[in-house]
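Below is one structure, written out as structure tokens; comments come after it.
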Amino acid sequence: MSRTATRTLAALLPAVALALTPLSAVSAAPAPRPDTIPLAQGSLPEGISAGPGSTFFAGARRDGAVYVGHTTTGAVRQLVAGRQGETAVGLLHDAATGRLWVAGGSTGDITAYDASTGAVLYTVNTGAGRFLNDVAVTDDAVYVTDSTKPEVIVLDTPGGALPTTPRVVTLTGDYRQPAGFGLNGIRALPTGELLVVSGGVLYAFAPTTGAVAPADRIELSGRQLTAGDGLVLDGRTLYVVNGYGGDEVAVVRLAADGDSARATGLLRDSDLDRPTTGAVIGDSLYVVNGRFGAITNDPAADGRLDVDVVRLRTR
């Protein structure tokens, strides 16, 4: 066979192989992940947490309902039905126990749901005059910030047991309680300390004593944290959702000891509308829009308000 004939036959082989391949074996390219995921109309979301696989949980300020969304398909279903007088602000899924912890804002409630069924596993009321805002979970405790006081509510969960009586840790030392809302987002650091944002400042504190040393008051120059809300920790990268400060997310790099940090950039998107907090799922940060500027306090109008989750690519 000539060299030319060999080249011609080689060129035809891929086409012949494709023609002989059963149609069932030819898979279409996966559909792209949606950049926005609509939530239940009028639900007024604030908290969001990564769930199993490609899922997330989102809570409703309007009535305490909780929804499960899928980042691959954009499908959303209700996990926990809403109830009059209830609200869901911050929430966090604990993969180790399968529990979903929800902070109840001005109701003072903290509730743990079964993340698979939505059944109530535990609930406690911490009293009037509080605004329970965000949640962090460690191996032996659940921590919930109170934005009205320099206090963190602690639920001890030794060995994964459900808690009994909550206790309070008061932040002391170099912590400064701002006027208006104070403690907001909270995350557990690998060092064993807890990290909170309050009044545009990051603080690391000991979970047993609440003490904030001078070195643990982490201030960043510029406006990145002036309205810091939710915190999302991914390794040593911290995302500070800054809805009231410009519809953006500040990207912060923490030092290995957690005692210092530097701002490395901002994430922005035209779909952001007063974002409150986020969750890292895969290569993206999913941020929930609080849409506070669109709220009219007319129940009928607010019940028709469109709300969604926005995907921000992180790498």
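Only the coordinates and a few stated rules stand behind these numbers; no lab work does. All figures in this text were calculated on a predicted structure; none of them were measured in a lab. Because the Cβ atoms are built from the backbone with ideal geometry, glycine has one as well, and the counts that use them run over all protein chains shown.
When the Gaussian network model of the chain links Cα atoms closer than 10 Å, the mean-square fluctuations of THR276, THR107, THR145 top out at THR107. With the simple model of a label 7 Å out from the Cα in the direction of the Cβ, VAL124 to THR170 spans 1.9 nm. Each of the peptides 300-312, 253-265 was scored by the mean count of other Cβ atoms within 10 Å over its residues; in descending order, highest first, they stand as 300-312, 253-265. Site pair ARG315 and ALA31 shows an inter-label distance of 2.8 nm when each label is modelled 7 Å from Cα along Cα→Cβ. Helices in the chain, meaning DSSP H runs of at least 4 residues, each add -39500 (n - 2.57). Divided by all residues, the mean residue ellipticity at 222 nm is -2000 deg cm²/dmol. In segment 32-313, Cα pairs under 8 Å separated by at least six residues give a relative contact order of 15 percent.
With a simple spin-label model that places each label point 7 Å from the Cα along the Cα-to-Cβ direction, the separation between ALA213 and ASP234 comes to 3.0 nm. The order of the peptides 206-214, 151-159, 236-244 by mean Cβ neighbours within 10 Å, most packed first, is 236-244, 151-159, 206-214.
For GLY47, the residues whose modelled amide H falls within less than 5 Å of its own, excluding neighbours fewer than 5 places apart on the same chain, are GLY59.
This model, with +1 at the C-beta of Lys and Arg and -1 at the C-beta of Asp and Glu, gives segment 117-263 a dipole about its Cα centre of some 220 debye. For the chain, the longest principal axis of the C-alpha atoms and the axis of helix 3-20 are separated by about 50°. Determine which residues of segment 59-88 fall in the zone a paramagnetic label at SER116 would reach in this model, i.e. backbone nitrogen under 17 Å from the point 7 Å along Cα→Cβ. From segment 59-88, the list is 68, 79-80. Please list, in order, the residues from segment 168-196 whose amide nitrogen is less than 17 Å from a point placed 7 Å along the Cα→Cβ vector of ASP140. Answer for segment 168-196: 168-169, 188-194.
Taking other C-beta atoms within 10 angstrom as a stand-in for reagent exposure, GLU219, GLU46 fall in the order GLU219, GLU46, fewest first.
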